[in-house]
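First up is the structure itself, then whatever we jot down about it.
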Amino acid sequence: MNLFIKRTLKIGLVLNAPPVLLVLSDLVNLDIVPVIFAGLLWMNIPLQYLGMASLFEPTQLQFEEFGVTAAAPTVWCSVVAFWVVISALISYLSLLRVVKSQA
């Protein structure tokens with residue numbers, strides 16, 4: 001269980017890094033295309049492609065040409081929770097192999 005939590009936190013930090021990198025690149029005034037692309041995918045995959053945007057009111061989200069441009073804090077929290085759940089699934093699946101090899 002301890003290994004599962006550690007692995008989930010590590011993977012969750014990696015999966016939730018794009019918005020932090022976007023803020024840092026904005027502070028330094030860098031236009032790094034992979035960081036911008038990763039930030040767009042980070043927000044648009046759960047909201048547009050998987051349909052989570054239908055859970056929120058139109059006043060909480062603002063879509064433009066390249067996807068979400070403005071979102072309420074509840075939307076941000078739900079996207080972070082989505083990626084944490086994905087990281088938990090990844091760590092669970094990766095630990096299945098470890099448990100089988102120890103048995």
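Being among the β-branched types (Val, Ile, Thr), at pLDDT 90 or above and closer than 22 Å to Ile36 by Cβ is the filter here, so list the residues in the stretch 52-103 that pass it.
Those that are among the β-branched types (Val, Ile, Thr), at pLDDT 90 or above and closer than 22 Å to Ile36 by Cβ: Val75, Val79, Val80, Ile86.
Under 6 Å between Cβ atoms, which residue pairs at least 6 apart in sequence (or on different chains) link something in the stretch 42-71 that is farther than 19 Å from Val85 by Cα with a partner that is surrounded by fewer than 11 Cβ atoms within 10 Å (Cβ to Cβ)?
Between residues of the stretch 42-71 that are farther than 19 Å from Val85 by Cα and residues that are surrounded by fewer than 11 Cβ atoms within 10 Å (Cβ to Cβ), the close pairs are Gln62/Ala70.
Say whether the condition of being under 16 Å from the mean Cα position of the chain (by Cα) and either not in a strand (DSSP E or B) or not charged (D, E, K, R) (or both) is met by at least one residue in the stretch 59-66.
The answer is no, given that none of the residues of the stretch 59-66 is under 16 Å from the mean Cα position of the chain (by Cα) and either not in a strand (DSSP E or B) or not charged (D, E, K, R) (or both).
Just the residues that are in contact with a Ser or Thr (Cβ under 8 Å, 6 or more places away or on another chain), among the aliphatic types (A, V, I, L, M) and modelled with pLDDT of 90 or more, please, taken from the stretch 15-51.
Leu15 - this is the single residue of the stretch 15-51 that is in contact with a Ser or Thr (Cβ under 8 Å, 6 or more places away or on another chain), among the aliphatic types (A, V, I, L, M) and modelled with pLDDT of 90 or more.
If you go through the stretch 40-58 one residue at a time, how many are assigned to a helix (DSSP H, G or I) and not aliphatic (A, V, I, L, M)? Walk me through it before giving the result.
At the first step, the residues of the stretch 40-58 found to be assigned to a helix (DSSP H, G or I) are 40-49, 52-55.
Then drop every residue that is not not aliphatic (A, V, I, L, M), which leaves 42, 44, 46, 48-49, 54.
Of the residues in the stretch 40-58, 6 are assigned to a helix (DSSP H, G or I) and not aliphatic (A, V, I, L, M).
Got at least one residue in the stretch 59-78 being within 30 Å of Lys6 (Cα to Cα), aliphatic (A, V, I, L, M) and surrounded by fewer than 16 Cβ atoms within 10 Å (Cβ to Cβ)?
yes
Are any of the residues in the stretch 22-39 of a type in the set (Phe, Trp, Tyr), touching a residue at least 40 places away in the same chain (Cβ under 8 Å) and not in a loop (DSSP other than H, G, I, E, B)?
Looking through the stretch 22-39, none of the residues is of a type in the set (Phe, Trp, Tyr), touching a residue at least 40 places away in the same chain (Cβ under 8 Å) and not in a loop (DSSP other than H, G, I, E, B).
The values are calculated or read from the model by the stated rules, or taken from the named source; none is laboratory data. Model, not experiment: these values are computed from the prediction. Counting neighbours? That spans all protein chains shown, and the Cβs are built from the backbone with ideal geometry, glycine included.
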